[in-house]
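Note sheet for the following structure.
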Amino acid sequence: MIRIGDAPRVRRLLIGAALVLTALFLLLPLVAIFAQALMSGIDVYWQNLSDDYTLAAIGLTLLVAVITVPVNLVFGVFLAWLVTRFDFPGRRLLQTLIDIPFAVSPVVAGLVYLLLYGRNGWLGGWLDAHDIQIMFAWPGIVLVTLFVTCPFVARELIPLMQAQGSREEEAAVTLGASGWTIFRRVTLPNIRHALLYGVILTNARAVGEFGAVSVVAGAIRGETNTLPLQVEQLYQDYNTVGAFTSASLLALLALLTLAAKAALEWRAARRETAT
Amino acid sequence: MIAHALTWRRERRVLPGFGLSLGISLTFVSLILLLPLTSLVGQLSQLSWSQYWFLITDPRLLASYGVTLFGAAVAAIFNAAFGLLMAWVLVRYEFPGKRLVDALMDLPFALPTAVAGITLATLYSSNGWIGRLLEPLGISISYTWIGIALAMAFTSIPFVVRTVQPVLEDLPAEVDEAAMTLGASDSLAFRRVILPYLWPALVTGTGLAFVRSLGEFGAVIFIAGGKPYETEITSLMIFVKLQEYDYAGASAVASIVLATSLALLLAINLWQGRFIKRLHGGRG
Amino acid sequence: MSIRISQIEKTYGYKGHGSKGHGRTRALEPIDLDIHDGELIGLLGPSGSGKTTLLRIVAGLEQADSGSIHFGDRDVTRVHVRDRRIGFVFQHYALFRHMSVFDNVAFGLTAMPRATRPSSGEIRSRVMQLLEMVRLQDFAERFPAQLSGGQQQRVSLARALALKPDVLLLDEPFGALDAKVRQELRRWLRHLHEELHFTSLFVTHDQEEALELSDRVVVMSNGRIEQIATPDTLYRQPANRFVFEFLGDVNRIEGDIEKEVLTCGNARVAVPGIENGRQELLLRPHEVRLDEQPSTRAHLPVSVTAVVPVGAEVRLELEADWLGEPWLATISHADFERLAITRGKRLFAQPSRLHRFDTSRPQTLAPLSAS
């Protein structure tokens, strides 16, 4: 088959340009992260990793992910079920609302939480009186992360579930299945790849969120520093190797995310060609 | 008509879980999304118009609007070209390492912005791998608008590629073939036939990249340096005001950022809707 | 402009190196075909017969592995599709959906290099003339999505004719349209062809379409040409069993022949001039006659299992113990009424002709003397 742009000269030129630009803009930064982290040798790398503050940051980051991912998973599934399986007034509005976190600058996201829960905020006085600390503590970090990552699961599920329609679930109802059985045995098998991908994206963002978290965290070393905040602080302290050591962990996670995505897509493509 | 709608609705409610999923969704959306956003409105309502106007027209802030808009525009234009090239190459050609390149396109979404920020700042600083090469040529990137645009471009790379790619994949071979049988050269066929097919996706992707760049924070601040009037982006202004406990000022600026982003998103959606309607019939 | 196709050959390579490919598939055996100036030729065959590949090679949309193609005296084998001066009509129209009907038809003219491009006034009048020819002059400003399938295909034809191509190629041009529109467009294409005298080659899998439209039909299967003939010859003198079977419904009878009589279970039919042995003979549905009694020459008991009146005739499905698969018969309404046929009625079949293809030349045998 002959198509536009098939001439060898054009093809070589375009592929060459694409490869050079990809190497320069994407591959080089990735390599640089690990090169900088290992600049002073592997021993220093391990030393930096086992630094108390870094370990604390890793712990807090994991805590944030462990809370946000399941919560948003459950919310995402319910929301997707609601907007794809039922029709009700305000359905479109609800779908639009959950896109807001994508449009909002992370700093603004942090700000609105600060305004709500901060000392001078609406709930601040009440929280203060009851000695509950949300801002500049881990609950605040969890809350803004929930805000920032809430669209991911639903965004992956809604188009898929819309395309699949509810025929199969309706068939299950006529066979007398209960709600939970229908979801577990009919819906879930159809959406599990999209669900998994949504979880991967949620996790990547939950672990890596910087702007929103930096507003509400208060940057207390060993207490409210997540890994990205730790990266920033070390960098501002001119501890480049330390900063890139923590950054390399996050980069590693990013690579795992990409690999998982590629694997999911590959499997989906294989299933498509198999049928 | 109404009767029909009612029976249809009842039919849809055959499936269980309406009450539960509605309850959970509304509770979550109210608590996590709406309540915090209303606090912004509450904060702003304490300001008079003149105070508000005064806060958002601070000269240093005005300069930051310019810096942010300009950087985001440059980043979006770069991404339109780069994204179109990558989508084309990834869909139309086979070459070794293609799957790796394809996977790398998503890196900016997977990599935390702070990591991207310090990495770009290090690479392009005057003694960084790339900065060192550019220094003798008299080009400095760190602490200039170029650095800001670069960081914004990096974080929004996937938008154009990933919106154009599926459209290009779905483009039937006959479109190319029809243009060629009518004698069109490659460049003419691309310009007049293929590009119009990709146009809605290209504009949408570029628009989303622009919106994302406007709000970008983590990736930009390190390379930008935050010199007032020159390399200070609007998100950073909000952050600085917050650190000075100027909540009113921060809220006022945030309202501008928020309104701009939402208006742009709405515009993109509306435009897309109109364009698609024209192509898929809708008589007259 | 005549087209001379000589020794065109095409093999598709390994599909997806590394994966368990199907190896090489032969799409076209070496093909020779001469098409005269102004001829309308139909390429007919089942899917996978290579007809579309051949058409696309003539167009320049595919490259042949070897062989040559001449348009008149011009060797176009190595000429890029955009320089071949062909018009191509696609099955799914392939109109540019973001351009108006006018812009679609004008595209080829506006794509010409500036030196040879007609002025915009000339383009305008030429396009309007073409739209008038396809009776769509009132639709110039519409977009393709606002037209019906038949209208879109007419625009596609006008677009292909705008550059006054030497050769018009059509790939299943009416395949995506419903039966009635297809009929109408066929007649109209035939008319257009007579008026404009372009040389054209079209691909179809529909025998009726091929027979109705073509000056000559090229029947293909498995990458080979089975027969090239006028529709009339093709139907009356099929070159082989494939052509016979592909051109219409076929009934089969297989049995042992002894002394010019074929026996199969309790069925017998006299076949004059045939040697002894096991034989399979074929006949068309209209070559089956029905009677209430067996004749001296044929004793073929059948029972009617389905009755479908179609237009001027009635189609019957016949079954019997001695038949592997049911026969089809088409009879006149007069016979249908005379025999008072209903489902389940038992009758006797009388073949008016039998065909055999196992010999080097196909033979037509007549068990009944013309009566």
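We did not get these values from a lab; they are worked out from the coordinates using the rules stated. Note that the structure is predicted; figures quoted are calculated from it, not measured. Please note: Cβ atoms are built from the backbone with ideal geometry, for glycine as well, and neighbour counts cover all protein chains shown.
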Rounded if a/c is under 1.5, else prolate if a/b is larger than b/c, else oblate: which is the range C:73-190, with a ≥ b ≥ c the root eigenvalues of its Cα gyration tensor?
oblate
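Report relative contact order for chain C in percent, whole number only (criteria: Cα-Cα under 8 Å, sequence separation at least 6). Don't skip to the answer; put the middle values down first.
Numbers: 748 pairs, mean separation 55.6, N = 371.
Here the relative contact order equals 15 percent.
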Cα centroids of the range C:42-58 and the range C:283-344: how far apart, whole angstrom?
36 Å
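Please compute the Kirkwood hydrodynamic radius over the range A:49-135, one decimal place, Å, based on all pairs of different Cα atoms. It would help to have the intermediate numbers written out before the result.
Values: mean 1/r = 0.0614 Å⁻¹.
Radius from the Kirkwood sum: 16.3 Å.
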Rg and Dmax of the range A:172-227, Cα atoms only, in Å:
19.3, 58
Debye-sum result for the protein assembly as shown in log10 I(q)/I(0), which assumes one identical scatterer on each alpha carbon, at q = 0.05, 0.10, 0.11 Å⁻¹
-0.45, -1.19, -1.31
Cβ-based charge dipole, the range A:41-274, positive-most Cα from A:Gly211, A:Ile98, A:Leu123
A:Ile98
Only Lys, Arg (+1) and Asp, Glu (-1) charged, at Cβ; chain B dipole about Cα centre in debye:
860 debye
Can you give me the P(r) profile for the range C:251-365? Cα pairs, bins 5 angstrom wide beginning at 0, each as a whole percent.
2, 12, 23, 25, 17, 11, 7, 3, 0
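Please state, rounded to one decimal and in Å, the Kirkwood hydrodynamic radius that chain B gives when every pair of distinct Cα atoms enters the mean of 1/r. Show your work: numbers first, answer last.
Details: mean 1/r = 0.0448 Å⁻¹.
Averaging 1/r across every pair of different Cα atoms and inverting gives 22.3 Å.
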Enumerate the lysines that A:Lys261 could reach by cross-link, defined here as Cα to Cα under 29 Å, with residues fewer than 8 away along the same chain left out.
B:Lys98, C:Lys15, C:Lys20
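Using just the Cα positions, wrap chain A in a convex hull and report its mean projected area in square nanometres, one decimal place. Present the calculation step by step, with values, prior to reporting the outcome.
Numbers: hull surface 86.4 nm².
Mean projected area of the Cα convex hull: 21.6 nm².
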Positive end of the dipole of the range C:282-371, charges at C-beta (+1 Lys, Arg; -1 Asp, Glu), about the Cα centre: which of C:Leu365, C:Ala340, C:Ala306 has its Cα farthest in that direction?
C:Leu365
Hydropathy first: keep DSSP H helices in chain A averaging at least 0.5 on Kyte-Doolittle, then drop any whose Cα extent along the axis falls short of 15 Å, and list what survives.
A:8-22, A:52-85, A:106-117, A:138-149, A:188-208, A:240-274
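Other chains near A:230-239: what is the mean number of their Cβ atoms within 10 Å of each residue's Cβ? Present the calculation step by step, with values, prior to reporting the outcome.
On the way: counts 1, 8, 7, 0, 1, 7, 2, 0, 0, 0.
Per-residue shielding by partner chains comes out at 3.
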Rg/Rh ratio calculated on Cα atoms of the range C:3-246 (Kirkwood radius):
0.98
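Pairs of alpha-carbon atoms within less than 8 angstrom and 6+ residues apart define the contacts here; what relative contact order does chain A have, in percent? Could the numbers behind the result be given before it?
Numbers: 287 pairs, mean separation 81.6, N = 275.
Dividing the mean separation by the residue count of chain A yields 30 percent.
Under a Cβ-only charge scheme (Lys and Arg +1, Asp and Glu -1), can you give me the dipole magnitude of the range C:95-179 about the Cα centre, in debye to the nearest 20?
320 debye
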Compute the distance in nm between two label points, each set 7 Å from the Cα along the Cα-to-Cβ direction, one at C:His92 and one at C:Ser47.
1.3 nm
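Charges only on Cβ, +1 for Lys and Arg, -1 for Asp and Glu: so what's the dipole of the protein assembly as shown about the Cα centre, in debye to the nearest 20? Intermediate values should be presented prior to the final figure.
Numbers: 85 positive and 84 negative charges, 145 e Å.
The dipole of the protein assembly as shown has a size of about 700 debye.
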Cα extents of the range A:139-240 along the three principal axes, largest first, in whole Å?
65, 23, 16
Sketch the reach of a paramagnetic label on C:Glu195 as a point 7 Å from Cα along Cα-to-Cβ, and name the residues of the range C:122-147 whose backbone nitrogen lies under 13 Å away.
C:129-137
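Please give the average number of partner chain Cβ atoms lying within 10 Å of the Cβ of each residue in A:15-28, rounded to a whole number. Can you show the working numbers first?
Numbers: counts 11, 2, 4, 11, 6, 0, 7, 12, 2, 2, 10, 10, 4, 4.
Mean partner shielding for this stretch: 6.
For the range C:1-127, what class follows from the C-alpha gyration tensor (a ≥ b ≥ c being the square roots of its eigenvalues): rounded when a/c is under 1.5, otherwise prolate if a/b is larger than b/c, else oblate? Before the final figure, lay out each step's value.
Working: a/c = 2.20, a/b = 1.62, b/c = 1.36.
Since a/c reaches 1.5 and a/b is larger than b/c, the shape of the range C:1-127 is classed as prolate.
What is the mean number of Cβ atoms from other protein chains located within 10 Å of the Cβ atom of each residue in peptide B:97-110, rounded to a whole number? If you can, show how the numbers build up before the last one.
Details: counts 2, 3, 3, 4, 7, 4, 8, 8, 3, 8, 11, 4, 8, 16.
Partner-chain Cβ atoms within 10 Å, mean over residues of B:97-110: 6.
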